[in-house]
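Here the structure comes first, spelled out in structure tokens, and everything after it is commentary.
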Amino acid sequence: MDLTDSAGKTTKTVAAAVRKRDVLPYILLFILLAGLLAVLAGAMLPPYYDAVPALLWSLGFCVSGMLLGFLFGIPRTLPSGTVNMAPDDRRDGKGRATDELPATAGGAEPNPATASNTLFLGTPTPMEINSNLVEVSDWLTKIIVGVGLIELKSLPGSARSMAAFIAPSLAIDTATAMAVVGGIMLFFSVHGFLIGYLLTRIYLSIMIKRADSLVKNESVRLESGKEIEVTELSRLQQKSLDDMQEAVTQLLLAHPPDGSPAVTALAGMPTAQKPASLVLWLDDHPRNNTLLVEQLERENIKVDQAVSMRQALAMLQQKPYALLITDMARAENGRRLKDAGVRTVREVRQAHAALPIIVYCSKDTVASYGTEAEAAGARFITTSGTSLLAAVNKLLHEERAAGG
């Protein structure tokens with residue numbers, strides 16, 4: 001899985017992907033027009049074949065290829081009441097990736113190859129979506145692939161027979177007509193397949209998803225009897241959670257639970273007036289921290305992200321970061337290290353002795369390696385996102401006060 005170096009780079013990558021998707025139809029159309037112009041050039045210049053039959057056959061092979069690409073590109077739909085989950089999306093209670101798979105019954109070791117990546121919700125959807133087109137596509141593609149593999153040896157002979165059938169319509173000598181028809185068959189059938197497959201794969205899946213969401217009309221009924229769409233409910237709930245998290249963060253700054261001095265200046269300061277800061281966050285699963293990064297950037301704290309200790313050390317040499325946040329268990333050089341956070345604290349301490357470091361990890365790793373991380377020089381260790389936000393604000397305030 002590709003992971004970006006920072007939240008800003010992630011946004012740029014997504015925007016670039018959208019631009020590439022939007023420009024793809026124009027690229028395919030340009031190549032198609034180039035092929036049609038080449039066919040017309042052969043009619044206007046030697047070998048001077050008839051243009052109309054050549055264009056008709058070209059468009060025919062293109063449409064046939066598009067139909068085949070359409071059949072192969074139709075997206076599959078999940079069974080009703082299921083949701084796809086990537087294997088690394090299974091989290092523990094804190095919302096972070098677990099280090100080990102759960103044990104099976106009888107103490108047997110879990111088998112990653114047989115682990116399911118589908119979550120059954122239990123509640124069926126309000127209305128079933130007609131998936132006959134998907135089933136027909138699946139059936140036809142299997143037949144086409146099977147027959148194609150069986151008849152693979154006879155494919156060149158069938159192509160020559162078709163070329164010989166089409167050649168007389170071009171009204172030139174047979175050898176030249178066979179060569180022209182062979183080029184038309186190869187170019188327009190392959191390009192038509194690419195057009196049908198890519199456009200179906202990219203755009204049809206989006207249209208089907210939108211249509212299914214409209215047909216299913218996914219909504220929940222509130223205690224008052226009113227109904228609200230799930231997407232709208234999620235948006236409103238996220239806004240409420242953000243407000244609550246911000247309020248709790250301000251409370252922790254004004255009344256620290258560990259008895260440390262209160263940061264009343266930050267607790268009552270509007271977000272727009274807070275000084276800008278630069279923070280580096282090291283985690284091999286940056287998407288787990290998306291909401292927290294968003295919350296920090298709302299408070300005028302710019303967050304760059306790294307996915308390995310080597311990358312983090314290189315970034316620390318390039319920019320004057322005010323603080324480092326690291327996870328604990330992490331994949332480094334292809335190996336899963338449960339104490340990677342402790343090693344990171346030690347390495348960073350050698351090169352940047354005064355840089356504050358926060359360890360943000362799961363409860364299990366805190367219990368196992370929290371003491372080592374603290375002894376190595378970590379300023380704060382937490383499993384709570386709200387406590388993390390308060391600690392970041394507090395340490396940044398202390399650094400600014402020390403620098404002043």
>> Taking the solvent-accessible surface of protein heavy atoms with a 1.4 Å probe, what is the per residue accessible area of segment 296-404 in Å²?
In response: 46 Å²
> For L45 and L186 in the same chain, what is the full-extension length gain: residue separation times 0.36 nm, less their Cα-Cα distance, in nm?
Replying inline: 48.6 nm
> Listed highest first by mean packing, meaning other Cβ atoms within 10 Å per residue, what order do 340-346, 48-54, 140-146 come in?
Replying inline: 340-346, 48-54, 140-146
> Which shape class applies to segment 219-259: rounded if a/c is under 1.5, otherwise prolate when a/b exceeds b/c and oblate if not, where a ≥ b ≥ c are the square roots of the Cα gyration tensor eigenvalues?
Replying inline: prolate
> Which entries in the list K239/K394; K239/K338; K363/K394; K319/K363; K319/K394; K239/K302 go over 26 Å, if you measure between the two C-alpha atoms of each?
Replying inline: K239/K338; K319/K363
> Under the classification rounded if a/c is under 1.5, otherwise prolate if a/b is larger than b/c and oblate if not, where does segment 149-196 fall, given a ≥ b ≥ c as square roots of the Cα gyration tensor eigenvalues?
Replying inline: oblate
> Considering only DSSP states other than H, G, I, E and B, which trypsin sites (Lys or Arg not before Pro) in segment 153-215 qualify as loop sites with at most 11 other Cβ atoms within 10 Å?
Replying inline: K153
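The values are calculated or read from the model by the stated rules, or taken from the named source; none is laboratory data. Everything quoted here is computed from the prediction, not taken from an experiment. Positions of Cβ are generated from backbone atoms using ideal geometry, with glycine treated the same way; all protein chains shown enter the neighbour counts. Heavy atoms of the whole protein, side chains included, go into the accessibility calculation; ligands, DNA and RNA do not. Shrake-Rupley method; radii C 1.70, N 1.55, O 1.52, S 1.80 Å.
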